[in-house]
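A short worksheet on the structure shown next.
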Amino acid sequence: MSTAAESLDHHVLVHTRAAWSFLAFSVAMCVVYLVARSEVVAVIAFATVAGGAVVAICMGLRQHQQSTRTSWKFLLAASVLFLVGGALRMDGNAAASSSALVPALFTVSGYAAVGAALTVWLRIRNVNANTDTVLDTILFGLGGTLASWVLLIAPLTTGGTVVDRTTVISALYPILDVVLLTLLVHLALTTAPGDNSFGLLGLSLVAIFVGDLGYAITSAGILSIPSSIIDAPFLIGYGALGAGALHPSMNHLSTPQPRLSYRGHQRFTGITVVMVIAALILAAVSTRDTTDRWVRAVLFSAVLFGVLLRSERAVRRYAASESAARHQSLHDPLTGLPNRVSLHASASAHLGEPGTTNRLSMLFIDLDGFKFVNDSYG
């Protein structure tokens with residue numbers, strides 16, 4: 001028995017080391033790429049890390065036997081699509097040709113595959129998504145959408161007319177990232193605390209979002225960010241995705257999680273950060289035209305309505321919890337009958353009423369031998 005246990009521990013240790021080693025390798029390649037700033041180094045770095053992520057997912061599916069592999073197969077397809085889209089985007093001839101939208105087609109398809117993977121996980125884990133959880137997720141998505149509109153989409157329109165189709169496609173990526181991060185937040189809020197594989201998956205999506213955001217900001221002419229800085233987060237994203245597939249905890253993502261962890265402090269902190277950022281962006285960036293003002297008004301009204309509804313439900317839950325606690329303190333948990341504390345409170349209230357004779361009768365019934373029955377059978 002001990003030999004089998006030691007063999008299992010060794011197996012887990014080997015794959016855990018492989019996961020962190022691949023992530024460290026991707027970080028090292030990112031540093032080399034930033035220092036060298038060479039097209040040849042860029043091609044080698046992205047080919048090895050992105051291709052390695054595809055191989056890592058295949059190895060994870062083979063090494064960690066799962067009852068449901070649908071989500072990881074979607075992530076495998078997404079990795080291949082991202083790899084092809086990135087290769088076409090780095091090809092100068094393809095970028096200058098009339099087929100410049102082809103890389104975007106592959107990349108957007110990859111986002112769709114990631115969204116399908118997260119959706120399947122939400123269904124598999126059988127999360128008990130109550131209304132508060134859905135509201136928190138919607139508020140997070142609305143805050144991200146509002147920020148994306150003000151910073152990325154509105155500057156690309158004049159009177160509601162799109163200025164440049166290619167530029168709008170680059171601005172579309174962060175919005176898709178916001179959708180994926182919203183699904184990830186919903187998965188995090190409605191399951192037990194995440195494991196290493198879940199954290200690595202979140203790191204991957206955040207890194208891709210940062211890279212897409214830098215690409216969109218540069219395309220919109222808001223800031224001029226060097227291409228090496230923009231592309232570096234993608235290497236971390238590929239590395240984290242591959243590491244998450246290699247880590248033994250990848251099996252937990254496809255396991256039903258009926259228990260719900262509320263995590264109120266984390267929810268409040270996350271929603272507050274998103275709302276504050278959205279409010280600061282609204283205050284700092286002036287409106288451009290009527291369309292911009294209407295879109296801001298609609299999104300802000302939706303956020304305000306969601307916050308008010310969420311606050312009303314929080315107050316109602318607090319009142320219900322307080323009432324339940326009061327009832328529990330005055331009643332027996334097994335029978336639901338009033339307990340000794342309730343009897344004392346009722347008697348004190350009766351004797352304290354004005355106009356009473358300050359007399360109280362009480363009937364006490366005892367069962368002989370009941371202690372033996374209670375101690376024997378509960």
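Please count how many residues of the stretch 17-56 are among the charged types (D, E, K, R) and within 11 Å of residue 239 (Cα to Cα).
Here is the first cut: in the stretch 17-56, the ones among the charged types (D, E, K, R) are 17, 37, 39.
Filter once more, keeping what is within 11 Å of residue 239 (Cα to Cα): none.
Going through the stretch 17-56 one residue at a time, the tally reaches 0.
If you scan the stretch 83-94, which residues turn out to be open to solvent by less than 60 Å² (accessible area, probe 1.4 Å) and modelled with pLDDT under 65?
Answer for the stretch 83-94, where residues must be open to solvent by less than 60 Å² (accessible area, probe 1.4 Å) and modelled with pLDDT under 65: 92, 94.
Pick out the one residue from 311, 346, 329 that is out of contact with any Leu (no Cβ under 7 Å at 6 or more places or on another chain) and closer than 30 Å to residue 188 by Cα.
Working: 346 fails: closer than 30 Å to residue 188 by Cα; 329 fails: closer than 30 Å to residue 188 by Cα.
One residue alone meets the criteria, 311.
Have a look at 304, 299 and point out the one that is within 30 Å of residue 150 (Cβ to Cβ) and in contact (Cβ under 8 Å) with a residue 24 or more places away in the chain. Full working, then the answer.
Working: 304 fails: in contact (Cβ under 8 Å) with a residue 24 or more places away in the chain.
Just a single option satisfies the conditions, and that option is 299.
With (1) within 27 Å of residue 297 (Cα to Cα); (2) modelled with pLDDT of 80 or more; (3) open to solvent by less than 30 Å² (accessible area, probe 1.4 Å); (4) polar (S, T, N, Q) as the list, and residue 145 as the residue in question, which single condition is left unmet?
(3)
Filter the stretch 282-296 down to the residues that are touching a residue at least 12 places away in the same chain (Cβ under 8 Å) and hydrophobic (A, V, I, L, M, F, W, C), then identify the one that is farthest from residue 272 (Cα to Cα).
Here the residue is 295.
Could you run through the stretch 224-251 and say how many residues are aromatic (Phe, Trp, Tyr) and free of Cβ contacts under 8 Å to residues at least 12 places away in the same chain?
Residues meeting the conditions: 0.
Pick from 24, 47: which is surrounded by fewer than 14 Cβ atoms within 10 Å (Cβ to Cβ) and modelled with pLDDT of 85 or more? Step through it out loud before you land on a result.
Details: 47 fails: surrounded by fewer than 14 Cβ atoms within 10 Å (Cβ to Cβ).
Exactly one of 24, 47 is surrounded by fewer than 14 Cβ atoms within 10 Å (Cβ to Cβ) and modelled with pLDDT of 85 or more, namely 24.
Helices (runs of 4 or more DSSP H) wholly in the stretch 288-378 with at least 1 residues that are open to solvent by less than 100 Å² (accessible area, probe 1.4 Å) and under 30 Å from residue 271 (Cβ atoms) - which ones? Before you say what the answer is, go through the steps one by one.
Numbers: elements: 290-330, 340-351, 370-377.
Once the helices (runs of 4 or more DSSP H) in the stretch 288-378 are filtered for at least 1 residues that are open to solvent by less than 100 Å² (accessible area, probe 1.4 Å) and under 30 Å from residue 271 (Cβ atoms), what remains is 290-330.
Do the conditions hold for residue 187, that is, is it modelled with pLDDT of 80 or more and either in a helix (DSSP H, G or I) or surrounded by fewer than 18 Cβ atoms within 10 Å (Cβ to Cβ) (or both)? I'd like the intermediate steps shown before the answer.
Details: modelled with pLDDT of 80 or more: no; either in a helix (DSSP H, G or I) or surrounded by fewer than 18 Cβ atoms within 10 Å (Cβ to Cβ) (or both): yes.
When the stated conditions are applied, residue 187 does not pass them.
The values are calculated or read from the model by the stated rules, or taken from the named source; none is laboratory data. Computed from a prediction, not measured in an experiment: that's the story for all the values here. FYI the Cβ positions are ideal-geometry reconstructions off the backbone, even for glycines, and counts take in every protein chain you see. Quick note on the areas: whole protein, heavy atoms, side chains included, nothing else; ligands and nucleic acids left out. Shrake-Rupley method; radii C 1.70, N 1.55, O 1.52, S 1.80 Å.
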